[in-house]
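The values are calculated or read from the model by the stated rules, or taken from the named source; none is laboratory data. Treat the numbers as computed from the prediction; the structure is a model and nothing was measured. When we count neighbours, we look across all protein chains shown, and the Cβ atoms used for this are built from the backbone with ideal geometry, even at glycine.
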Amino acid sequence: MHRVVALVRPVQSTFELGCAVEVFGTERPGVPQHYDFGTCTETPGPVPTTGGYAMSVSQDLSALESADTVIIPGWLPLEEPLSERVRHALLRAHARGARLATICSGVFALARTGLLDGRSATTHWARAEQLRREFPRVRVEPHRLYVDHGDVATSAGAGAGIDLCLHLVRRDHGAAFAAMLARHMVMQPHREGGHAQYAPPPLPGEALGGLLDWADERLGAPLSVDRLAAHLGVSPRTLARRFADQLGTSPGAWLLSRRLAAARTLLEETDLPVEAIAARVGLTSAVNLRRRFRAQAGTTPGAYRRAFRVP
């Protein structure tokens, strides 16, 4: 039987740990039990949780010596360093052939082992920039739900942890078994790792002298970089420099992101056809909207509407 061990620490996130428990550690009538699940911690005993209660963990780091899969279900606070004992235990498990998988902020612990150097990884979209700053040798891919290299795997925000765990089940025991397990969990059977995180776009605010708010109100109009520059009374080159300095992007890329964000809102909240949405947000045609939407979100407008439509 495949042994899965979750490495927990104070203060442990209950949801991230619950993702692993639901997929690997919950017995269900009529569903074959392919996994033996357990938890361990550096110092056995009561472990405080984000839920306001403590859980009793009896196993120490020696449990990782027999693990086939090690799950790191979050790591809070993010800046908490790895003790030498934890670092060596993770590296020994990996060297022995165990796969290491992280959920959400757990990637910060894995990155501190050096096993992600030169590799791609993901985490919650709100923590991606911090991960990139602290670990410049890691190729951070903030738009992916999960990244699996076989021996190490990382996932985005908490819900994506379930996607990664089901993906690992699919690898171990096939799509049919993973789908059966997902049905019992009342979950979508499969989301590809490249499926984009649905991160809320940053609010325009008052940056750039109110230009962003002005443009946001006119997305359906034929806006251009030249027109944005003219409204602000600067040259296109100066505008590009200000965007780079203040927003870290270009005027054209920002404008496209706002149009796609508006399209998402219309897909969620209205029954407008895709052609009408494309015209309303300034993307001119359904073909253009579909192409741009897939490039950014990794899915189609129709699939997005089915998943996120507000009743």
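Leu203: at pLDDT below 85 and either in a helix (DSSP H, G or I) or loosely packed, with under 14 Cβ neighbours inside 10 Å (or both), yes or no?
When the stated conditions are applied, Leu203 passes them.
All but one of (1) without any contact (Cβ under 8 Å) to a residue 40 or more places away in the chain; (2) of a type in the set (S, T, N, Q); (3) surrounded by 15 or more Cβ atoms within 10 Å (Cβ to Cβ) hold for Gln33, so report the exception by its number.
Among (1) without any contact (Cβ under 8 Å) to a residue 40 or more places away in the chain; (2) of a type in the set (S, T, N, Q); (3) surrounded by 15 or more Cβ atoms within 10 Å (Cβ to Cβ), the lone unmet condition for Gln33 is (3).
Of the residues that sit in region 55-88 and are touching a residue at least 40 places away in the same chain (Cβ under 8 Å) and among the small types (Gly, Ala, Ser), which one is surrounded by the most Cβ atoms within 10 Å (Cβ to Cβ)?
Gly74
Is region 238-257 home to any residue that is among the basic types (Lys, Arg) and either within 20 Å of Trp125 (Cα to Cα) or modelled with pLDDT of 90 or more (or both)?
No, there is no match, as no residue in region 238-257 is among the basic types (Lys, Arg) and either within 20 Å of Trp125 (Cα to Cα) or modelled with pLDDT of 90 or more (or both).
Identify all residues within region 276-303 that are touching a residue at least 24 places away in the same chain (Cβ under 8 Å) and in a helix (DSSP H, G or I); write none if there are none.
Once the filter is applied, which keeps residues that are touching a residue at least 24 places away in the same chain (Cβ under 8 Å) and in a helix (DSSP H, G or I), region 276-303 yields Ile277, Ala279, Arg280, Leu289, Arg292, Phe293, Gln296, Ala297, Pro301, Gly302.
How many residues, within region 1-48, are of a type outside the set (Asp, Glu) and closer than 20 Å to Val107 by Cβ?
22
Yes or no: region 233-256 includes at least one residue that is crowded, with 19+ Cβ neighbours inside 10 Å, outside any helix (DSSP H, G or I) and either out of contact with any Lys or Arg (no Cβ under 6 Å at 6 or more places or on another chain) or not acidic (Asp, Glu) (or both).
No; the residues of region 233-256 include none that is crowded, with 19+ Cβ neighbours inside 10 Å, outside any helix (DSSP H, G or I) and either out of contact with any Lys or Arg (no Cβ under 6 Å at 6 or more places or on another chain) or not acidic (Asp, Glu) (or both).
For region 286-301, does any single residue satisfy the condition of being at pLDDT below 90 and farther than 22 Å from Glu141 by Cα?
Within region 286-301, not a single residue is at pLDDT below 90 and farther than 22 Å from Glu141 by Cα.
Out of Ala6, Ala63, report the one residue that is in contact with a helix residue (DSSP H, G or I) (Cβ under 6 Å, 6 or more places away or on another chain) and within 25 Å of His88 (Cβ to Cβ).
Ala6
Kindly indicate whether any position in region 42-54 is closer than 25 Å to Arg170 by Cβ, within 23 Å of the chain's Cα centre (by Cα) and in contact (Cβ under 8 Å) with a residue 12 or more places away in the chain.
Among the residues of region 42-54, not one is closer than 25 Å to Arg170 by Cβ, within 23 Å of the chain's Cα centre (by Cα) and in contact (Cβ under 8 Å) with a residue 12 or more places away in the chain, which makes the answer no.
In region 273-298, which residues are touching a Lys or Arg at 6+ places or on another chain (Cβ under 9 Å) and of a type in the set (Val, Ile, Thr)?
Across region 273-298, the qualifying residues are Val274, Val281.
Any idea how many residues of region 130-165 are of a type in the set (Phe, Trp, Tyr) and either surrounded by 21 or more Cβ atoms within 10 Å (Cβ to Cβ) or not assigned by TED's automatic domain parsing to the domain that holds Ile103 (or both)?
Of the residues in region 130-165, 1 are of a type in the set (Phe, Trp, Tyr) and either surrounded by 21 or more Cβ atoms within 10 Å (Cβ to Cβ) or not assigned by TED's automatic domain parsing to the domain that holds Ile103 (or both).
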